[in-house]
Every structure is written in C-alpha cells, then in structure tokens.
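Okay, so here's the structure we're looking at.
The values are calculated or read from the model by the stated rules, or taken from the named source; none is laboratory data. Not measured: the values here are computed from a predicted model. As a convention, Cβ positions derive from the backbone with ideal geometry for all residues, glycine included, and neighbour counts pool all protein chains shown.
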Amino acid sequence: MIDRVLDLGVAEIAGRHPSLAGFLAGLGAWDDDPEQPFAGWLAAVEDARLFDMGMERAQVTAHVGALLRQVTQWQNAPAPVIHALCVRGGRDKAGRPETLDLILRPGDVVCLVGPTGAGKSRLLADIECLAQGDTPSGRHVLVNGAPPDPALRFASPRTLIAQVSQTMSFVVDLGVGAFITMHAECRMVPDVEARVREVIACANALAGEPFTPETALTQLSGGQSRALMIADTALLSASPVVLIDEIENAGIDRQKALDLLVARDKIVLISTHDPLLALLGGRRLVIQQGAVAAVIETSERERTCLAALAQVDQGLMGLRERLRHGGRIEALPAWPAPP
Amino acid sequence: MRLIIVAGPPSVGKTSVIVRTAAVLGQGGPRVGVLKFDALATDDDTVYRAAGLPVVAGLSGSLCPDHFFVSNIDDGLAWGKGQGFDFLIAESAGLCNRCSPHLHGVLGVCVVDALSGVHTPRKIGPMLRLADVVVITKGDIVSQAEREVFAYNVRLANPRAAVLFFNGITGQGAGDLAFHARLAQPQDSLEGRRLRFSMPSAVCPYCVGETTVGREHQRGAVRKMSFETPAGESA
C-alpha cells in the first residue's frame, strides 16, 4: 500500500489522506510541486533540506508508512463498547479488605461522596487504569466480565475515561468553532460541520448566556466553558465513562447536562456533595479510609425530596437573575413545604 | 541493567515523571538510579535524593547540553552498572527542540506538556518523532477536548510511539510508564551505539566564544535569512 501511495502526486496524497497533509506541507514537498509524485520528490530533494526537517530519507518513507497504517487502523477500529464495568474490592488504607462488587452499566449515574482524602480519586484512577490488583488499593476492574487484555490496558492513549472538572480550562488560542472542528476532525466523524453546530447548540442550551462559534475559547465564562466541555464530551469524545468533578457552582443546567450524557449511553461518575446533583444519581458510593464503605441506592423518599430541592434551586436561580438585572430582594418566592 | 533515556522541553515535568515512575519500578526490591543532565544549574539532584534515589548530576555549562549528553552517557552507564542498579534513568536537559538524545536500542521517552498548545507536537523534532514512548503531562488542567486533540497530534507526529497521560502530582500514569521501562533492553555498554538522528552542527565563531554582532564576525557554518518586503507594501 505504501508504494502505491508514494507514487501519487503530493496534492493527491494530501487529498486522499488528510492526516498526511500537514506532514507533507511541513516537508516543503507541497510548495515545490504539488503535482509531482512524492517518491520522485523525495529522491531528488537535497540531503541538507531533509536534515533541516530533522529526518533522513529512509525515516521519511518509514514515517509515511507508519502514519498510513495508524490512520487506517483508527478508521477501521470499532469504538470500545462496554456493556459492564465491574469493580471488585481491594483493601482500605489500613489494609482491611474492602467488600465491593460494583457493576456499572451504560446510562448509570453514580455519585461519589466522602471527605477530602477519603479515596475518591483513587477509585477513579483505578477505573481509569483498569487496575488488576497492582495499584495501592489492590482493586480489580473487569471489562464486560473479564480482565482486560494487556493490549487494551496499555493501548495508547487509553480513552476509557473523559473528565470534566472545575479545575480544567480551555487554553488553546482559537475560536470555539475552529477548535471543535479540529476535535471533530481528529475523531474522524463523517459530517464535521453538522456535528460542530450540534455541539455548540447543545452547550448553549446548558449555559445561561449564549456564545457563538466565533467566540474565543479563552473568553468563555466558567459556566460556558463547563457547558461546552460537557456537550463536547457527550457528542465527540470516544470515552464510554465520564467523570464529573465539582461542577455544582458552574452555573449550568445540571439535570440537562446529565440527561445529555445518559442519552449517549455514557457511564457517569460524579464526585459531588451538592444534594441536587447527588440525588440525580441512581446510586451513591460512600468512600471512607480508602475504601467504598457503603453503596446507597437513591430511595423513593429521596426522589421526592429532590423534586422539592429542584424547586428551591429554581427559586435561588430566580433571585440571582433579579440581582443580575439590578433588582432588589425584598420578597421571597414560595418555598416548597418539606415532603 | 536497563537504561531509559528521558528527554523533553524545559519545565514539562520530566523530574516528577521520573520520581513517580522510579517509585513504581523500585517496588519489591529493584534498584533505580538517576543520571541528571542539565545546562546551567540544577536542583533536581536534591529532589531525587529526597525521593531516596541515588543520582549523579552533570552540568554542561558553556557546551551544547545535548553534545555533552552523548559524550557522557556511556560513562554514566558504567557508573550505574558499578552501583548495581537494575534501572538507570537518564534525564536530558532538553533545550532546543531540534536535538534528540535517543539512541538505537535504548528505550527513548519524550515528555511533553498538554499546556503547551495543540500544535506543539508538530514543532518538536526528532526528540518526539523518534521516541518509543511519549508522555503527556499536565492533562488534568486542560479540557478533555484539548487532551484528545493533543494526543492525536502526538500520534500524527510519531505514529510508532506508545502515548500515555501522566499526572506528576498524583503519579497517575506511572504504572503505565513502568510497564514500558520493564520491557527496555538490558544494556552492557553503549560503545559504538548510534544516535537515532544526528545533532545539529555547531561550527561557527559564536560556538567558540565570539560575542560581537556583525557580518565580518560570521564565518564557518552561517546561514542567512532572507527578508522580503511583504506583498502589498511599498519598500
């Protein structure tokens, strides 16, 4: 395959294999003569020029070959499908055994609660690296009922868990549309433009204040950034598991955000102490001393409380709006009676 | 003894990556030593000692740090063998993105920083392109989307390497890098071993102490930029 590709014109290669275009442009082959067969260009180019690019002739051919194989593999590789992720207990910080046999399925929303240092991050890290008794906790993680084969475990880069947290920010100096387009292209989705529009529309539905594709990423407000991160993770990330860390104050519609992720069959783990968010989950893992001390199913009574809490939240949001528009708070909305 | 060469631009977190990985490699008995190359000054040897890792630090001073590295790596290997290490991790100074300390047959690791921008992988030369493992640090403070685009660009720049994310603060990723380090080939001597890519030539008067600006002081390997009037502007 590689020989056939090398005999094509430079422009034609770039057209057929967009991921090679950047490399060819970097070599300067494009500027010399876009129509010339690449193999001919490579044979004729002066050694000094290749040396400046930091490559030898044979390394250029090997690089193009490796790149083609890699891209073909990406295009043909099916996205990882996870029906069940099982976490088997290890031991707590004192070495006592942890009783845990947790099964996570697509669409599950599970909250992690526990004081700082209790071991929430350890649990998430164990899932992320598909621990096999070889992390400090001694936990085992099974994928679809079996230990993952080392090829998946050490596949690079592993894309099991996508993260959205309060401490993350966008640092790249691009507009929202240009950057999401770049992300969509590297995910090799079929209709990039439509997907980018969808991501931005989704993010705008989650955040209070709308932004446009032209808005610079670095100028988004905290709420807008979080909303865009969640919409992008739901619609463009390949990761089947999404970890959300402390987004309670981010100023986005939490229920809608979760609905969006669940609709995409993600397993959602939320590290939170926000009652509204915690009760939106189906289960809560109580983490103490480095181990899961209890798994609490959200009860019917809790769901009733959730409805009342949502009303309180709405009320508070209304008060915030009033402040934002220069109003006074001299009367309160009707708070729901305790259920 | 297995040798691992770690390179990367300044301030990407090479030392944290090494300390965390050494802790995993040392579990259950194996001895890990560190060889630290730097340019003008380094405090990293105290960091390594504090982590209980035997270390020798070398400063290149007025010499090109990467040339200094090649001139000393074989002696470093002999030192490590004499100390009875099971793993020797050599950290290079990594100053200009053009140089690459990777040797044929020796596990080469390149550390890059997700904060440095999604286009950076393309701009780093043979140091990244010819590495066996590329470690991406500081991914925990950029958005998931940027992490994914960054990793994708790393894989376009080096389709052969294993790519992994590493959190230098929590040590997340150390198990993965240790997995690759255990697969490194045992080394007896580096005598006659080849660099994967030659280092830039440095034979102009400024390499050997010239300090004056001006055409008459530019001799030897000199290359001049061309300055054209931008289109649409009159001279």
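Side notes on the structure shown:
- Any helices (runs of 4 or more DSSP H) falling wholly within region A:1-98 and containing at least 3 residues that are out of contact with any strand residue (DSSP E or B) (no Cβ under 8 Å at 6 or more places or on another chain), within 14 Å of chain B (Cβ to nearest Cβ) and closer than 30 Å to A:A131 by Cβ: A:57-76
- Flag if B:R147 is surrounded by fewer than 22 Cβ atoms within 10 Å (Cβ to Cβ), closer than 22 Å to A:A238 by Cβ and touching a residue at least 24 places away in the same chain (Cβ under 8 Å): no
- Filter result for B:D132 (within 9 Å of chain A (Cβ to nearest Cβ) and either in contact (Cβ under 8 Å) with a residue 60 or more places away in the chain or among the acidic types (D, E) (or both)): no
- Taking region B:36-53 as the range and being among the charged types (D, E, K, R), surrounded by fewer than 17 Cβ atoms within 10 Å (Cβ to Cβ) and at pLDDT 85 or above as the test, only B:R49 passes.
- Answer from A:L243, A:L309, A:L316, A:L228 - the residue that is part of a helix (DSSP H, G or I) and closer than 30 Å to A:E193 by Cβ: A:L228
- Residues located in region B:147-172, provided they are among the small types (G, A, S) and at the interface with chain A (Cβ under 8 Å from one of its Cβ atoms): B:A151, B:A161, B:A162
- Hey, B:G175 over 18 Å from the mean Cα position of the chain (by Cα) and buried (at least 18 other Cβ atoms within 10 Å of the Cβ) or not: yes
- Top-ranked residue of region A:131-146 - restricted to ones that are assigned to a loop (DSSP other than H, G, I, E, B) and more than 14 Å from chain B (Cβ to nearest Cβ), ranked as surrounded by the fewest Cβ atoms within 10 Å (Cβ to Cβ): A:G145
- Any hit, region A:274-287, residues being away from chain B (no Cβ under 14 Å), crowded, with 17+ Cβ neighbours inside 10 Å and within 25 Å of A:A184 (Cα to Cα): no
- Considering each residue of region B:19-35 in turn, at least one proves to be surrounded by 24 or more Cβ atoms within 10 Å (Cβ to Cβ) and of a type in the set (S, T, Y).
- Checking A:V64 against (1) of a type in the set (A, V, I, L, M, F, W, C); (2) under 30 Å from B:H104 (Cα atoms); (3) under 20 Å from the mean Cα position of the chain (by Cα), the condition it does not meet: (3)
- Hits in region B:8-35 (condition: modelled with pLDDT under 90 and of a type in the set (A, V, I, L, M, F, W, C)): none
- Among the residues of region B:135-146, the ones that are at the interface with another protein chain (Cβ under 8 Å from one of its Cβ atoms) and either over 13 Å from A:F170 (Cβ atoms) or hydrophobic (A, V, I, L, M, F, W, C) (or both) come to 5 in all.
- Residues that are more than 20 Å from the chain's Cα centre (by Cα), within 14 Å of another protein chain (Cβ to nearest Cβ) and closer than 20 Å to A:V268 by Cβ within region A:99-130 comprise just one, A:G119.
- Hits in region A:203-218 - residues which are in a helix (DSSP H, G or I) and more than 14 Å from chain B (Cβ to nearest Cβ): A:N204, A:A205, A:L206
- Restricting region B:54-79 to residues that are touching a strand residue (DSSP E or B) at 6+ places or on another chain (Cβ under 8 Å) and in a loop (DSSP other than H, G, I, E, B) leaves a set whose member that is surrounded by the most Cβ atoms within 10 Å (Cβ to Cβ) is B:S60.
- Identity of the residue in region A:161-196, in a loop (DSSP other than H, G, I, E, B) and over 18 Å from A:S225 (Cβ atoms), that ends up nearest to the other protein chains (Cβ to nearest Cβ): A:R187
- When A:G54, A:G15, A:G22 are checked against the criterion of being at pLDDT below 85 and farther than 21 Å from B:A161 by Cα, A:G15 stands alone in meeting it.
- The lone exception for A:Q73 - which of (1) out of contact with any helix residue (DSSP H, G or I) (no Cβ under 8 Å at 6 or more places or on another chain); (2) touching a residue at least 24 places away in the same chain (Cβ under 8 Å); (3) among the polar types (S, T, N, Q) it fails: (2)
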